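Computed from the coordinates by the stated procedures, all read-outs in this text should not be read as laboratory data. Since the model is a prediction, treat every value here as computed from it, not as a measurement. Reconstructed Cβ throughout: ideal geometry from the backbone, glycine too, with neighbour counts over all protein chains shown.
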Amino acid sequence: MKLYYKAGACSLSPRIVLHEAGLAFDSEKVDLATKITETGADYRAVSPNGYVPALVLDSGDVLTEGPAIVQYLADQAPEKRLAPPAGSIARYQLMSLLNFIGTELHKSFSPLFKPDTPEQTRQTARDNLARRFDVVAQRLKDQPYLMGADFSVADAYLFTVLRWTVPMSIDLSRWPELGAYMERVASRPAVQAALREEGLVS
């Protein structure tokens with residue numbers, strides 16, 4: 001398998017899952033401005049969407065969209081318990097969490113990454129994120145991970161997105177549950193390996 005990524009972007013989530021699952025993979029960096037990969041290839045030939053992540057399977061099939069990719073990866077190593085069994089109510093609860101992270105958190109950061117976004121729009125985005133952080137913090141109040149006792153692919157995605165609060169100067173101190181959660185996830189060996197590979201930690 002080959003993962004196409006940009007360091008620190010949402011593609012960090014499947015990289016974490018690949019390590020958690022113990023799956024072998026290669027990776028190739030993408031310049032999202034030019035859509036050219038580090039080997040000089042046109043990334044749009046891999047993923048017409050032009051954004052990361054994309055996962056090329058050994059069969060040649062291509063998966064895009066992080067929530068789909070991480071569930072596929074979890075299903076390749078069911079013994080790791082990174083996702084509940086397909087068809088179970090818990091699996092649909094996991095899908096609900098992945099959709100919440102993608103639509104309510106991930107996309108709410110988008111205006112903050114654009115330098116020409118008006119300040120009023122930025123403040124609206126920060127206010128929206130704060131309300132979503134309230135919901136997530138409440139969920140993590142009495143359990144270590146989003147699905148309970150077990151780390152899941154939803155945690156890989158949430159950890160990735162919450163890391164963006166640092167460059168966006170969003171202070172998480174008002175949500176101590178989130179701060180503790182970030183430390184807990186960051187201490188996992190698979191997460192440390194993924195961060196090192198992307199040059200995000202030394």
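For the chain, the longest piece that avoids every one of the trypsin sites (Lys or Arg not before Pro) found in DSSP loops with at most 15 other C-beta atoms within 10 Å covers 1-80. Labels on offer are (i) 1.06; (ii) 0.95; (iii) 1.01, and the one holding Rg/Rh (Cα atoms, Kirkwood Rh) computed from this structure is (ii). Counted by Cβ distance under 11 Å from Ser152, the other residues give a net charge of 0, where Lys and Arg count +1 and Asp and Glu count -1. Taking 29 Å as the straight-line reach from the Cα of Lys29, the lysines in range (excluding those fewer than 8 positions away in the same chain) are Lys2, Lys6, Lys80, Lys107, Lys114.
For Leu105, the shell of other residues with beta-carbons less than 14 Å away shows a net charge of +2, using +1 for Lys and Arg and -1 for Asp and Glu. Within 10 Å, Cβ to Cβ, of Lys6, how many net charges do the neighbouring residues add up to if Lys/Arg are +1 and Asp/Glu are -1? Here the charged neighbours net out to -1. Using the alpha-carbon positions of the stretch 33-76, Rg (one decimal) and Dmax (whole number) come out as 11.2, 33 Å.
Remark: Met1, Met95 ranked as Met95, Met1, counting other beta-carbon atoms within 10 Å and listing the fewest first. Taking amide H positions as modeled 1.01 Å from N, with prolines and chain starts lacking one, no residue 5 or more places away or on another chain lies under 5 Å from Cys10. Over the stretch 89-188, Cα pairs under 8 Å with separation of 6+ residues give a relative contact order of 28 percent.
Within the chain, DSSP assigns beta bridges of which about 70% are antiparallel (rounded to the nearest 5).
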